[in-house]
Amino acid sequence: MVKPSAPIGIFDSGIGGLTVAHAIHRFLPGESLIYFGDTAHLPYGDKSSDAIKYYSIRIAQFLLKKKCKAIVIACNTASSMAYDVVREFTGSQAIVINVIDPVVEEVTHIKGIGKIGVIGTKGTVRSEIYSRKIKKIKPSLDVASLATPLLAPMIEEGFFNNKISRTIINSYLSRPKLKKLDCLILACTHYPLIKPEIEDYYKNSVNIIDSARSVALYLKEMLTKKKLLAKGKNPKHHFYVSDYTDAFEKSTKIFFKGKIRLEPHSLWEK
Ligand code: DGL
């Protein structure tokens, strides 16, 4: 029997998914969170889909052992490649949510737009998942996707709001493919941290959408529907990484306001 007081599991290749965890904490303040950053296998953006499926199932197994009532795949790359296998593996033990569907839902409801840009890792862009899902709902929309592999490592290294990040962002966003956009999807959970710079580039003429907020609201709706919303006053959060380094501990501060103590947990432990 799943209980409302059970924690919500959230995972990503590293710490980018903390942007989603942060939004979940903001919109669902009574929930206890268990975060897993698979730092031993970071980045996911370049890995094969078999590898991503394997890591994702191992992480889901860990989160189910921790009795999570929901698993949020807070990574676009894993959402695009491993959502189905994680759902199959999890069965009725927990709700499984990806970061793509809530955004597709949001974007296809915006009135009067014609062209949508998508930026993300090589894996996410190669999967063409956004254009397939968006066009299934609204075939008239034009979707242009561009892999922007330098952005995630750049952000992890703390390079944003500076000359270097602006140069790299400008170089990607000025590609002919991304001309004349009405809307841009930040299809990587690292990117909310550079949203202000992207907005600056477009001088606020393009609607920039990131998944953190819509995923948190979608999760809230699902938990409410299933009467699984926690109303605890003292939620407890745990943050695990599959490979611990001091540098990660430092970077977490960029992604999650508030104090975080990372706990190492090898994915290969039984
Ligand atoms: N945060 C992951 C995503 O949303 C990308 C980072 C990585 O390549 O591991 O796709």
Filtered residues of region 96-126 (kept if among the small types (Gly, Ala, Ser), crowded, with 22+ Cβ neighbours inside 10 Å and away from the ligand (no atom under 14 Å from the Cβ))
GLY117
When you go through ASP210, ASP182 one by one, which is the residue that is touching a residue at least 60 places away in the same chain (Cβ under 8 Å), closer than 24 Å to PHE255 by Cα and among the acidic types (Asp, Glu)?
ASP210
Condition first: modelled with pLDDT of 95 or more and touching a helix residue (DSSP H, G or I) at 6+ places or on another chain (Cβ under 6 Å). Now tell me which residues in region 1-19 satisfy that.
GLY9, ILE10, PHE11
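Does ALA23 count as hydrophobic (A, V, I, L, M, F, W, C) and either more than 16 Å from the ligand (Cβ to nearest atom) or over 13 Å from the mean Cα position of the chain (by Cα) (or both)?
no
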Contacts under 6 angstrom Cβ, first residue in region 8-20 being in contact (Cβ under 8 Å) with a residue 40 or more places away in the chain and assigned to a loop (DSSP other than H, G, I, E, B), partner aliphatic (A, V, I, L, M) and within 9 Å of the ligand (Cβ to nearest atom), 6 or more apart:
SER13/LEU42; GLY14/LEU42; GLY17/ALA74
Filter region 26-48 down to the residues that are more than 15 Å from the chain's Cα centre (by Cα) and assigned to a loop (DSSP other than H, G, I, E, B), then identify the one that is farthest from the ligand (Cβ to nearest atom).
GLY30
Number of the condition not met by LYS67 [criteria: (1) at positive phi; (2) within 12 Å of the ligand (Cβ to nearest atom)]:
(2)
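Suppose we keep only residues that are among the aliphatic types (A, V, I, L, M) and closer than 22 Å to HIS238 by Cβ within region 70-81. Which one would you say is farthest from the ligand (Cβ to nearest atom)?
We begin by selecting, within region 70-81, every residue among the aliphatic types (A, V, I, L, M); these are 70-74, 78, 81.
Of the ones still in play, those that are also closer than 22 Å to HIS238 by Cβ are 70-74, 78.
Details: ALA70: 18, ILE71: 15, VAL72: 12, ILE73: 9, ALA74: 7, ALA78: 7 Å.
That would be ALA70.
Take ALA60 and tell me if it is modelled with pLDDT of 95 or more, touching a Phe, Trp or Tyr at 6+ places or on another chain (Cβ under 6 Å) and away from the ligand (no atom under 13 Å from the Cβ).
yes
The values are calculated or read from the model by the stated rules, or taken from the named source; none is laboratory data. Remember, predicted model here, so these are calculated numbers, not experimental data. Here the Cβ is made from the backbone with ideal geometry for all residues, glycine too, and neighbour counts use every protein chain on show.
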